[in-house]
Amino acid sequence: MGKKVLVVDDNANNLLLEKDLLEVAGFTVFEAENAADGLIITRREKPDIVLMDVRLPDMRGTEAARILRRDKETADIPIVFVTSSVMAEGIEEIKDIKKSGFIGKPINTRTFVEEISRFMKP
Amino acid sequence: MDFLMKQCLLLIALLMVLFSVVPSAGAESRVVTVGVYENPPKIFTPDKTDTGEPAGIFIDIIAYIAEQEGWDLKYAPGTWTEGLDRLAAGTIDLMPDVAYTASRDQIYAFHSVPVLSSWFQVYAAKGSNIHSLLDLNHKRILVLDRSVQHDAFLQLSQGFDLDFTLVSVPDYHTMFQTVAAGDADAAITNSFYGVMNAKKFGLHDTAVIFSPSNLFFAAPKNQSKHLLPAIDRHLSKLKNDSQSLYYQSLRHWTAEPVRFRLPEWVKITGIGGILLILLSLGSGLLLKHQVTVRTRELETANHTLRASEQKYRDLVMLANSIILRFTPDGRITFLNEFGQKFFGYDATEILGRQVVGTLVPESETTGRDLRPLLEDISRNPKKFERNVNKNILRNGDRVWIDWTNKMIADENGEIKEILSIGSDITPRVKNEIKIYQLNEALRQEAEILEQRVAERTAELREAKEQAEAADRIKSAFLATMSHELRTPLNSIIGFTGVLLQGLAGDLNNEQQKQMTMVQTSARHLLALINDVLDISKIEAGQLKVEAKPFGLPSAIEKTVKIVSPLAEKKGLQLKLDIADTVDTITTDQRRLEQIMVNLLNNAIKFTDKGQVALYCRKENTQYVITVADTGMGLREQDLEALFQPFRQIDSGTTRKHDGSGLGLSICKKLLDLMGGSISVESTWGEGSRFTVRLPVHPEE
């Protein structure tokens with residue numbers, strides 16, 4: 001069984017795109033369309049990495065990430081923000097979250113998986 | 001001579017009587033210690049006597065009293081201040097030659113009949129016309145250095161408006177010598193020195209006598225129950241008898257020491273006799289005479305002063321003051337000539353008329369009602385001793401007058417008349433009003449200015465807040481736009497990519513071609529979005545450039561690498577020439593790379609054959625980066641608008657090239673922010689040269 005990835009994105013198309021790319025690469029993909037679901041799945045499944053959109057319907061992805069960092073069991077799970085908020089303010093927002101990364105949308109389908117793998121434990 | 005002999009006989013007789021009394025008084029003999037200091041002839045220790053026994057007027061008198069009272073006298077020699085200290089400490093019983101003062105009375109006990117009276121007196125050369133104080137005008141007068149006489153004389157002369165020169169000298173002897181030599185006009189000494197020495201220097205005493213003081217024996221406080229009353233008792237008796245030892249002693253010590261020579265015996269005795277007679281009249285008589293003279297002087301001086309003051313007052317009043325008298329009910333009884341001229345009335349016209357309504361208007365222009373003024377003045381004269389109010393001239397002009405009012409009462413204290421002396425202060429008041437108005441105007445002007453400043457400040461603050469709010473809205477808008485456009489593009493480009501990569505199955509050639517067109521268009525749209533956002537950010541002032549040092553050659557090589565596949569694809573030669581002097585640059589690396597990529601992409605895009613070259617060299621404090629191509633070039637009329645947004649130059653009727661048309665305008669705006677510049681040279685059909693200049697290090 002491949003590594004577990006949680007993708008949190010409220011846009012169904014983008015969620016599907018990321019899921020397709022990751023599954024092709026052999027990951028087990030969990031999906032969440034809002035932060036609350038993302039938190040529940042993270043605690044339950046302890047994925048190897050979380051791909052988090054920043055603009056989510058219930059809270060900001062960065063906020064959900066901070067909640068995960070406070071919990072001992074989820075504190076060390078790498079979180080990569082895959083977001084359309086590529087302007088300076090968006091990047092500033094995630095700067096202080098440990099073990100986090102940033103991939104701007106639109107994603108490069110050829111390099112996406114490789115980029116994700118770089119944030120994961122070997 | 002007879003007289004002198006008689007005196008001597010008397011003295012002897014007296015002494016004999018005294019001696020015969022002593023044994024009987026000896027029963028209550030007590031020791032009385034007397035302080036001794038040097039102040040001849042009052043008290044001193046003569047050089048000639050080897051006994052060391054003191055002598056002088058005070059010693060004669062106390063010795064006499066001691067004999068009478070059966071006291072055993074002891075002497076305690078010392079300085080004047082030692083004597084006073086001893087007296088205060090109670091180690092001596094009596095201190096002679098102490099002038100009575102209120103402050104000393106607190107410390108010592110005094111008897112009541114003075115032993116001597118002393119004063120200061122002015123002496124002048126014989127034949128000079130100095131007799132009274134007024135004669136000292138314009139004279140040169142000697143006074144003992146730092147003496148009480150100095151201050152006392154100045155105080156005395158103060159009221160007389162005299163002009164004299166006061167010269168300090170160290171001692172009386174010098175003083176008399178100087179006057180005798182004619183180098184000064186007068187000398188101030190104490191009376192005893194004067195009496196003893198005036199004749200010797202050919203000087204005479206004047207009527208100028210001042211600061212009299214009485215001299216006593218002083219005793220310690222509360223220890224004088226018997227001593228002081230005894231001294232008083234004897235002094236009264238002694239002073240009542242002109243033949244007594246008291247006067248003998250005075251004569252003895254104050255007379256000029258005379259050398260007796262036999263041939264002049266008669267003559268000298270005669271002079272001595274006359275002197276003795278004069279002295280026997282006593283200092284009292286002399287003093288009385290001199291006090292009378294002085295009193296007369298003072299009276300004369302006072303009279304003169306009063307007369308001159310009156311004269312002065314009259315002059316002033318008649319010259320430029322209004323003098324007005326009126327009854328308490330306001331009827332004018334007098335107006336001086338000046339007043340009549342001033343107000344414009346004849347005496348016949350104005351006398352008997354009411355003050356209010358003629359000289360005083362019924363109200364001031366300020367609205368102050370002046371009708372009750374007179375009533376107020378007579379009711380409360382103190383408050384109206386000075387009064388400034390508006391008055392009115394016959395011709396209707398209003399004037400300000402400063403009045404000094406005086407109530408004139410009859411013997412019953414009833415106010416009979418009011419005397420008012422006034423001076424015209426209209427010019428002053430007018431000036432004051434003018435100054436006040438000017439100040440007021442200035443103040444109002446300043447207030448208006450301040451208000452305007454406050455308004456402008458508020459406006460500016462509001463404008464600033466609005467601008468800041470607008471900026472915030474712009475930022476939010478840009479961020480939102482960026483996000484909202486990227487989200488669908490992510491799907492379009494992403495799934496196109498998935499299809500093109502064959503992840504969803506193989507595509508046929510036509511599908512592959514069409515999907516590539518979708519992807520290219522989507523990427524172009526993305527580039528366009530990025531450019532629009534960039535330029536919007538720059539124009540909104542949202543874009544900040546960094547300034548960090550980095551190696552310029554490697555940055556250039558990196559950008560060339562990015563564009564090289566494109567050049568290769570078009571079969572263009574890509575040439576790079578970086579001078580050895582090019583090293584570190586301090587600027588925004590990402591933005592500089594963006595600019596260079598943009599220029600290289602443009603060059604490649606518009607060049608179909610030949611080469612694209614990038615040159616970089618250092619010129620003083622600048623780096624110069626040139627991108628040259630052998631492409632189509634630019635027409636002269638297009639050069640100007642080249643750096644404006646959305647100005648892609650069309651090569652013909654159809655738009656042949658991709659691009660937003662924003663690239664060069666973004667480059668220019670970025671270089672402006674980075675402190676650099678961009679320029680272009682081109683020949684139509686031959687190619688273009690874009691030159692970027694950037695400072696090696698930005699100015700601080």
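Miscellaneous remarks
- Global form of segment B:321-424, assessed from the alpha-carbon gyration tensor, a/c cut-off 1.5: oblate
- Per residue, the solvent-accessible area of segment B:544-695 (1.4 Å probe, heavy atoms of protein chains only, all protein chains present) comes to 52 Å².
- B:V680, B:V31, ranked by accessible area, largest first (probe 1.4 Å): B:V31, B:V680
- Links that overshoot a 21 Å alpha carbon limit, given the list B:K126/B:K200; B:K390/B:K430; B:K139/B:K200: B:K139/B:K200
- Three-way shape label, segment A:1-66, alpha-carbon gyration tensor, a/c 1.5: oblate
- In Å², nearest 10: area of B:D672 left accessible to a 1.4 Å probe: 90
- A:V86 contributes about 40 Å² of solvent-accessible surface, heavy atoms of the protein only, 1.4 Å probe.
- Förster radius 22 Å - calculated FRET efficiency between A:D71 and B:A476 (Cβ-Cβ, nearest 0.05): 0.10
- Spin-label model distance (nm) - B:Q466 vs B:H524, 7 Å beyond Cα toward Cβ: 4.2
- More than 44 Å apart - percent of Cα-Cα pairs taken over chain B: 65
- The mean number of Cβ atoms from other chains found within 10 Å of a Cβ in peptide B:480-493 is 6, as a whole number.
- Nearest 10 degrees, 0 to 90: helix B:552-570 Cα axis against chain B principal axis: 20
- Filter on B:K341/B:K416; B:K569/B:K669; B:K570/B:K609 - keep pairs with C-alpha separation over 19 Å: B:K341/B:K416; B:K569/B:K669
- To the nearest ten degrees, helix B:57-69 and the longest principal axis of the Cα atoms of chain B are 60 degrees apart.
- Each label was represented as a point 7 Å from its Cα along the Cα-to-Cβ direction; for B:F550 and B:D410 these points are 11.7 nm apart.
- Surface composition of segment B:544-695: carbon plus sulfur atoms hold 47% of the accessible area, using a 1.4 angstrom probe and ignoring ligands, DNA and RNA.
- Around B:E465: net Lys/Arg minus Asp/Glu count, Cβ-Cβ under 13 Å: -1
- Coil-residue GluC sites (Glu not before Pro) of segment B:324-405, DSSP, other Cβ within 10 Å capped at 15: B:E362, B:E385
- Accessible surface calculations at 1.4 Å, restricted to protein heavy atoms, place segment B:433-543 at 67 Å² per residue.
- The share of alpha-carbon pairs in the protein assembly as shown lying farther apart than 39 Å comes to 71%.
- Separation in nanometres of the label points that stand 7 Å from Cα toward Cβ, at B:A99 and B:Q437: 6.6
- Kirkwood's formula applied to the C-alpha pairs of segment B:510-552 gives a hydrodynamic radius of 13.1 angstrom.
- Each of B:H697, B:H226 has its accessible area taken with a 1.4 Å probe; listed largest first, they run B:H226, B:H697.
- Surface share of carbon and sulfur [accessible, 1.4 angstrom probe, percent] for segment A:21-122: 51
- One chain, two ends: B:M517 and B:Q637. Fully extended at 0.36 nm per residue, the span grows by 39.8 nm beyond their Cα-Cα distance.
- Solvent-accessible area buried by pairing B with A, both sides, nearest 100 square angstrom, 1.4 angstrom probe: 1800
- The heavy atoms of B:K126 offer some 130 square angstrom of accessible surface to a 1.4 angstrom probe.
- Among B:Y615, B:Y172, the order of accessible area from largest down is B:Y615, B:Y172, computed with a 1.4 Å probe on protein heavy atoms.
The values are calculated or read from the model by the stated rules, or taken from the named source; none is laboratory data. None of these values were measured; they are calculated from a predicted model. Every residue, glycine as well, gets a Cβ built from its backbone with ideal geometry; the counts of neighbours run over all protein chains shown. Side chains are part of the model used for accessible areas, which takes the heavy atoms of the whole protein and leaves out ligands, DNA and RNA. Shrake-Rupley method; radii C 1.70, N 1.55, O 1.52, S 1.80 Å.
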